[in-house]
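Visitor: Right, I'll just put the structure down here and ask away after.
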Amino acid sequence: LQLDTLRPQRLVTLTIITASYYLENMVHFRTAALAAIAVVGMGMSSSAFVPSSLSSSLTKSMPSTSSRLMVASVESTDISDGSATTDIPKITAEKLPQIPFKKIMAANRAEISVRIQRAVTELNSGSVAIYVDEDRYGQHRWGADESFLLEKESGATPISAYLDIDQIIKIAKEADVDAIHPGYGFLSESPQFAQACGDAGITFVGPTVENLNTFSDKTSARTAAIAAGVPVVPGSDDALRTAAEVNDFVDEIGLPIIIKASMGGGGKGMRVVRNREDLIPFYESASSEALASFGDGSVFIERFVDKPRHIEVQIIGDGEGNVIHLWERDCSIQRRHQKVIEMAPAWSLPDDLRAELHDYAVKLTSAAKYKNAGTVEFLIDSENRPYFIEVNPRIQVEHTVTEEVTGIDVVQTQIRIAGGASFEEIGLKQENIKPRGVAIQCRVTTENPERDFAPDTGTISLYRHSAGAGIRMDGVGYSGLAITPYFDSMIVKYTARGSSFAETVARMKRVLIECRIRGVKTNIPFLLNVLTHPEFETGVVTTAFIDENPGLKKVSESAWNFANEEQSDQRKVGAKERLIRYLANLAVNGHPVELGADPTKIKSEHSVDMTKKLILPEGATSTGGMRKILLEQGPEGYAKAVREHKGLLLMDTTWRDAHQSLLATRMRTKELERCAEYTNTALSNAFSLEMWGGATFDVAMRFLHECPWERLESLREKTPDIPFQMLLRGANAVGYTNYPDNVVHKFCKQAHASGIDIFRVFDSLNYVDNLKLGVDAAGSAGGFVEGAMSYTGNVADPTKGKYNLEYYMKLADEFVDM
């Protein structure tokens, strides 16, 4: 529509929302749009303008669920004086107000911990992380300004440490933390944790203790909903703690029912019971899972609503009875009661039902004087009747879709409200909060859909993120990350935003095609199956969608209607990469014996080795080399010769350090042998050739499947004139831990006998005792000892603190004294 032909002094906002049904009605919408523009062009202002003749025609031609019909509306504002008078928030250059917290701890792990840290940094505060040993390589540890290790008892699970209130509070106090954000899961809904924070003088970034007592327990939340006049699903009024109580209640209510953990969420501790014989086993497994995840094994029971839609309303309260909503999310795509794909807003809801849900959410939380962010969740049955199910008094995994369509940073808002800011100070006004476009979130997990979503473990060999217009990534993956079985399997969540549902779906499909995660199974092909399913493309699905379409999980044979043939068939995705990796593995390691390969029966088509050997130039011969001096005069004589030498002496590291850094130590002994004679002549006057020790020893065994001792002895025989040098890690020798003294001495003795002349001894921390053991062991073995100091930066800078020039001069003196 060409609006530039209208009066230039008027700001025109034209909204035409069309139906996705009945293309023959498009002519009516076009007529309505032109009529509305004509009104503005005449200098008039109209709201919800549709000619009456068209209005009745459109209403009659649309389905009974009028939610697909969006009204044509025109707002016209006179801006001839240079300023608009609409309710659009005014943009200024005013700085963000300073929050009253100097340090904020994220009492969680992985993605949500990183999300909190980023919000904290943007608010110009310090971030503090906690982690268990199994998370020591996690992004939430090294991404924080400070991070502290959680100890756990012997035999305890890693999760138990994240539930240790006393230890977390102790760390927070010692680190001078002002506030703690609990994230989601773990202790996020624990009244005891919130109370412990308050008792320690630390602000809990979340609801009040009273709010948590009311809403973290689903039975008390249900009671509050009934008192507020919010419809609920028939169920137990109190938590059930024994099998007898469960049996008695089901005798009253009948089947089917759903068992839910009283505390927590995320689908944990939830079981649907349709048959009586499953009741007690399902109760026991639900209770056990709830106890392990949330520290409370109590459950409550509700009548099971079959095939509902799951809609939740994001709210924020100021603790004084004022509550605003950030519209709603559709979370109906679920597996085992855990959300997989979420979208905001729930655009296919009837408008009157949407307004009803907003009112219920605000009414319930206002009555409780709710403080901070929370989510009020509902089930919508087949007749569009809403039922309250719970309040999640915390941030949700899917908060990103709400942030994308409303422009409100929910995590920062949580922190600012916890710091005492009012709605007015934050700039939150209900009338200004409108969703813009559609956002969809997909949770990428390391699960195998074809094995009923069994978690996969291993090391990620390749990790490449998706990006682009309208894409948000919240994740913690990287190449080399070890996926363990201890925690939730979500590795990244992508949020796509577009102007329409169809555009957003297309954008999300592109994201999943573009994403590369190799080394472990993921649910990406399953997510693509969902996004391309005809029922999902209508925008209306229920929580039974995945169960009713078991073919979604058959990902190995999935095919999609994508223009790129390499991406349209799951069997082709990554096929070339897998082939290259297979050939590379065969080239280095040969055919695997454990799979039945017999190396004696594998014949090469070439009877001779086709690899070229470096040929010496005609007349080039070795001069006997520097090693001759070392062998004849010993280490002291060699040291004297080095000091008296007038020119530059070279230490060549091509066969070890450079090889390790540039080629990952993947050249086998036979490849080095082919250039050994050439090297022996070309570098005969070199001080040394470093070719052994350090990580090279380990890599030769584990990756090349070669004996490092044979490697040394073979190359020594073919390179007789150059002093061989090795890297000795002090007391660690060539390993990754301290070894007993006699082991290091014996190792050095054997290394010298096998061909090592010079031992370059170092310790990464310059720990003198470790260095001394290496020096003594190398010296007693008859080797030439070269001491090495580890440093970084400008050692001559006097502002460097402890590690200045004086420190290194003293260390050099200690080397001499050894």
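Visitor: So the label point goes 7 Å from the Cα of Arg303 along Cα→C-beta, right? Which residues of region 358-389 then have their backbone N under 16 Å from it?
Guide: Residues 379-389 qualify, since their backbone N sits under 16 Å from the label point.
Visitor: How high is the relative contact order of region 532-667? Use alpha-carbon pairs under 8 Å, at least six apart in sequence, and give a whole percent.
Guide: Numbers: 38 pairs, mean separation 11.3, N = 136.
Relative contact order for region 532-667 comes out at 8 percent.
Visitor: Tell me the relative contact order for the chain as a rounded percent, counting alpha carbon contacts under 8 Å between residues six or more apart. Kindly include the intermediate steps, with their values, before the conclusion.
Guide: Details: 1450 pairs, mean separation 56.3, N = 818.
The normalised contact order for the chain reaches 7 percent.
Visitor: Between Ala563 and Arg136, what is the label-point separation in nm under the 7 Å Cα-to-beta-carbon projection?
Guide: 4.9 nm
Visitor: Whose amide H sits under 5 Å from the amide H of Met691, counting only residues 5 or more places off or on another chain, with H placed in the peptide plane?
Guide: Residues meeting the criterion, in which the H sits 1.01 Å from N, are Gln725.
Visitor: How would you rank 94-100, 109-115, 126-132, 209-215, highest first, on the average number of other Cβ atoms within 10 Å across their residues?
Guide: Details: 94-100: 11.4, 109-115: 25.4, 126-132: 23.9, 209-215: 20.7.
The densest-packed peptide leads the list: 109-115, 126-132, 209-215, 94-100.
Visitor: Using a Förster distance of 25 Å, how high is the FRET efficiency between Tyr767 and Leu805, based on the Cβ-Cβ distance and rounded to 0.05?
Guide: Values: r = 20 Å, r/R0 = 0.79.
Efficiency at R0 = 25 Å is approximately 0.80.
Visitor: Please find the FRET efficiency linking Glu210 to His465, where r is the Cβ-Cβ separation and R0 is fixed at 51 Å, and quote it to the nearest 0.05.
Guide: Computed FRET efficiency for Glu210 and His465 comes out at 0.75.
Visitor: Per residue, how many Å² of accessible area does region 523-663 show with a 1.4 Å probe?
Guide: Here the residues of region 523-663 average 69 Å² of exposed surface.
Visitor: Of (i) 34.5, 112; (ii) 33.4, 107; (iii) 35.3, 124, which one was derived for Rg and Dmax of the Cα atoms in Å from the structure shown?
Guide: Structure-derived value, by its label: (i).
Visitor: If you plug each phi of region 507-520 into the Karplus form 6.51 cos²θ - 1.76 cosθ + 1.60 with θ = phi - 60°, what whole-Hz ³J(HN,Hα) values come out, in order, with x for Gly and Pro?
Guide: 5, 5, 4, 4, 4, 5, 5, 6, 5, 10, 10, 10, x, 9
Visitor: Which FRET efficiency, nearest 0.05, do Leu579 and Lys670 yield, Cβ-Cβ r, R0 25 Å? Walk me through the numbers before you get to the answer.
Guide: Details: r = 25 Å, r/R0 = 1.01.
Using R0 = 25 Å, I get an efficiency of 0.50.
Visitor: Let me ask another. Would any residue of region 481-497 have its amide N under 19 Å from a label point 7 Å out along Cα→Cβ of Ser160? List them or say none.
Guide: Residues 485-488 qualify, since their backbone N sits under 19 Å from the label point.
Visitor: Follow-up. Modelled label-to-label distance, Gln167 and Lys363, 7 Å Cα→beta-carbon offset: nm?
Guide: 4.6 nm
Visitor: Another question, then. Check Asp318: other-chain or 5+ apart residues with amide H under 5 Å from its amide H, H built from backbone geometry?
Guide: Sorted by chain and number, the residues that satisfy this are Asn372.
Visitor: Mind checking the full-extension length gain between Glu424 and Val593? Use 0.36 nm per residue of separation minus the Cα-Cα distance, one decimal, nm.
Guide: On the way: separation 169, 0.36 × 169 = 60.84 nm, distance 7.12 nm.
Contour length minus the Cα-Cα distance gives 53.7 nm.
Visitor: Same structure again: Ignoring ligands, DNA and RNA, what percent of the 1.4 Å accessible area of region 731-814 is carbon and sulfur? List each step's numbers first, then the result.
Guide: On the way: 2560 of 4650 Å².
Taking all protein chains in place, region 731-814 shows 55 percent carbon and sulfur surface.
Visitor: Testing the spin-label approximation: label points 7 Å from Cα along Cα→Cβ at Trp709 and Val795. State their distance in nm.
Guide: Placing both labels 7 Å beyond Cα along the Cβ direction yields 3.6 nm.
Visitor: Give the shape of region 438-554 as rounded, prolate or oblate, defined through the alpha-carbon gyration tensor: a ≥ b ≥ c are the square roots of its eigenvalues, a/c under 1.5 means rounded, and otherwise the shape is prolate if a/b is larger than b/c and oblate if not. Intermediate values should be presented prior to the final figure.
Guide: Details: a/c = 2.29, a/b = 1.27, b/c = 1.81.
In terms of gyration-tensor shape, oblate.
Visitor: Within the accessible area of region 636-706, what % is carbon and sulfur when the probe is 1.4 Å and the other protein chains stay in place?
Guide: 55 percent
Visitor: Given the Cα-Cα distance of Lys572 and Leu616 and 0.36 nm per residue of separation, how much length would full extension add, in nm? Mind dumping the intermediate values first?
Guide: Numbers: separation 44, 0.36 × 44 = 15.84 nm, distance 4.80 nm.
Between Lys572 and Leu616, full extension yields an extra 11.0 nm.
Visitor: Can you work out ³J(HN,Hα) from phi for every residue in region 750-763, in order, using Karplus 6.51 cos²θ - 1.76 cosθ + 1.60 and θ = phi - 60°, giving whole Hz and x for Gly and Pro?
Guide: Ordered by residue, 3J(HN,Hα) equals 5, 4, 5, 5, 7, x, 7, 9, 10, 10, 8, 9, 8, 9 Hz.
Visitor: Same structure, new question: For region 395-435, rounded, prolate or oblate, judged on the Cα gyration tensor with a ≥ b ≥ c (square roots of eigenvalues), a/c < 1.5 rounded, else prolate if a/b > b/c? Intermediate results must be reported in sequence, preceding the final value.
Guide: On the way: a/c = 3.05, a/b = 1.20, b/c = 2.54.
Oblate shape, in that a/c is at least 1.5 and b/c is the bigger or equal ratio.
Visitor: Under a 5 Å amide H to amide H cut-off, with H placed in plane at 1.01 Å, what residues pair with Ser332 once short-range neighbours are removed?
Guide: His310
Visitor: Quick one: ranking Val540, Val520 by accessible area, 1.4 Å probe, largest first, what do you get? The partial results should precede the final answer.
Guide: On the way: Val540 45, Val520 15 Å².
Largest accessible area first, the residues go Val540, Val520.
Visitor: Please compute the per residue accessible area over region 700-818 with all protein chains in place, 1.4 Å probe, rounded to a whole number of Å².
Guide: Values: 6240 Å² over 119 residues.
The answer is 52 Å² per residue.
Visitor: Return the carbon/sulfur percentage of the accessible area of region 480-613, one whole number, probe 1.4 Å, all protein chains in place. Please list the in-between numbers first.
Guide: On the way: 4200 of 7860 Å².
Answer for region 480-613 is 53 percent, counting heavy atoms of protein chains only.
Visitor: Dipole magnitude of region 364-439 about its Cα centre, charges +1 at Lys/Arg Cβ and -1 at Asp/Glu Cβ only, in debye to the nearest 20?
Guide: Numbers: 8 positive and 11 negative charges, 50 e Å.
Dipole size: approximately 240 debye.
The values are calculated or read from the model by the stated rules, or taken from the named source; none is laboratory data. Just so we're clear, the structure is a prediction, and the values are computed from it rather than from any experiment. Glycine gets a Cβ as well: all are built from the backbone with ideal geometry, and neighbour counts include every protein chain shown. Ligands, DNA and RNA are stripped out before the accessible areas are found, and what is left, the full protein with its side chains, is counted by its heavy atoms. Shrake-Rupley method; radii C 1.70, N 1.55, O 1.52, S 1.80 Å.
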